[in-house]
Amino acid sequence: SLTLGIVGLPNVGKSTMFNALTRNDVLAANYPFATIEPNVGVVPLRDPRLDRLAEMFSSEKIVPATVSFVDIAGIVAGASEGAGLGNKFLANIREADAICQVVRVFADDDVVHVDGRVDPAADIETIATELVLADLQTIEKALPRLEKEARVKKETKAAVDEIAHAQSVLNEGRTLFSAGLDSPRLRELNLMTVKPFLYVFNADEPVLTDDARRKELAELVAPAEAVFLDAKVEQELLELDDESALELLESIGQPEPGLDALARAGFRTLGLQTYLTAGPKESRAWTIRIGATAPEAAGVIHTDFQKGFIKAEIVSYDDLVAAGSMNAAKTAGKVRMEGKDYVMQDGDVVEFRFNV
Ligand code: GDP
């Protein structure tokens, strides 16, 4: 499955957040056979729609979708110069599908900042610079060979132009993602900064409740998404019952656990969405990429469902809830039969028809 790699400077709260991410009982209950690697945090994507469906269908259980985060340890500054740990750091990032940077915003004199001051913009720049430099090295290695090939092979000329353009963007110190560049060709080169970025601002109450400051930080990283949370509080929440947890969140001006927002943002950053199934056994969210067709969606349940796909019986969640039951939705003409070209929409409640 797709993963987000967690990166950040030392002492920004990565371990604290990662510990909070890896502690969830939901997963143990629903995925008893999943082997979970120690450096992977699998987080449920909380979805109140599943609770409602479970009620309607008297489902025995609820199975949410999940998002995986990989803890990428290692040095950051100087990584592109290829010191041993730096190489490993970059290799781990190459394996991730998106990059999630934790940025320190919280003030705490007891926690040393590597550069001696809390400066989110500078921290973001430090990591981006290492990745940009590593991508420039990759391109400098690849380009001469491609240029040579372009002299005899016309098709390669377009590749050379595209890669040279990427190089000029990187030379300005910008990531390819922030410049909106992405293509199979750039992906083939295994460049790191084409991957989508997501930023987690680890902040305390004064910042979490300061809309203007949050907006400023969010603008700093756009078009990447920004999530604001207090990693220390997230860890504390896990020890509390629901009511105390809610109180603690309210005290720092947060409407929900930051990890829930992080899971959603991570999901979007990876280009994923869910569709839903519901029945007496379970109400469940299934993960597909945005733009997936009905047969592709069926294939997530079982490859045979995709191979033998005939039709998908689909009702949108809102229509189903408005009707009150599947039968009522059918009577109201809200249940559609969709064929193999149908592009799945978020919140589709689905039953597949297939040949076995
Ligand atoms: P890492 O090096 O990025 O993994 O950072 P850690 O998670 O080990 O955190 C470094 C220190 O900062 C620890 O003492 C944490 O308790 C503290 N810390 C982490 N998050 C927060 C936070 O949101 N607020 C405050 N005040 N301290 C935090």
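Note on Glu55 and Ala73: the extension gain reaches 2.2 nm, defined as 0.36 nm multiplied by sequence separation minus the Cα-Cα distance. Averaging 1/r over each pair of different alpha-carbon atoms in the chain and inverting the result gives 22.5 Å, the Kirkwood hydrodynamic radius. The chymotrypsin sites (Phe, Trp or Tyr not before Pro) found in the range 272-351 include none that occupy coil by DSSP while having at most 13 further C-beta atoms within 10 Å.
Of the trypsin sites (Lys or Arg not before Pro) found in the range 119-205, those that fall in a DSSP loop while having at most 11 other beta-carbon atoms within 10 Å are Lys153.
Cβ crowding within 10 Å ranks Thr3, Thr175, Thr209 as Thr209, Thr3, Thr175, fewest other Cβ atoms first. For the pair Asp346 and Asp242 in one chain, pulling the backbone fully straight at 0.36 nm per residue adds 34.6 nm over the alpha carbon distance. Each Lys and Arg Cβ is given +1 and each Asp and Glu Cβ -1; about its Cα centre, the chain then shows a dipole of about 2040 debye. Site-free segments of the chain were taken between GluC sites (Glu not before Pro) in DSSP loops having at most 11 other Cβ atoms within 10 Å, sites themselves excluded; the longest one is 240-356. The dipole here belongs to the range 291-354: it is taken about the Cα centre, uses +1 on the Cβ of Lys and Arg and -1 on the Cβ of Asp and Glu, and is about 260 debye. Along the axis of the charge dipole computed for the chain (Cβ charges of +1 for Lys and Arg, -1 for Asp and Glu, origin at the Cα centre), the listed residues Met192, Asn92, Phe352 are led at the positive end by Phe352. Which net charge results for the neighbourhood of Ser178, defined as the other residues with beta-carbon distances under 14 angstrom from its beta-carbon, given Lys and Arg at +1 and Asp and Glu at -1? Counting the neighbours of Ser178, the net charge comes to -4.
With helices as the sole contributors, the chain gives -13500 deg cm²/dmol at 222 nm; each DSSP H run of n ≥ 4 counts as -39500 (n - 2.57), and the sum is divided by every residue.
Over all directions, average the projected area of the Cα convex hull of the range 209-350 and note it in nm².
11.8
Each semi-axis of the equivalent ellipsoid for the range 291-354 is √(5λ) with λ an eigenvalue of the Cα gyration tensor; in descending order they amount to 22, 11, 9 Å.
The mean sequence distance of close C-alpha pairs (under 8 Å, at least 6 residues apart), as a share of the length of the range 202-276, puts its relative contact order at 35 percent.
Relative contact order for the chain: what is it in percent, counting Cα pairs under 8 Å that are at least 6 residues apart?
19
No value in this document is a laboratory result; all are computed from the given coordinates. The structure displayed is predicted, hence computed values, not measured ones. Note: ideal-geometry Cβ built from the backbone for every residue, glycine included; neighbour counts use all protein chains shown.
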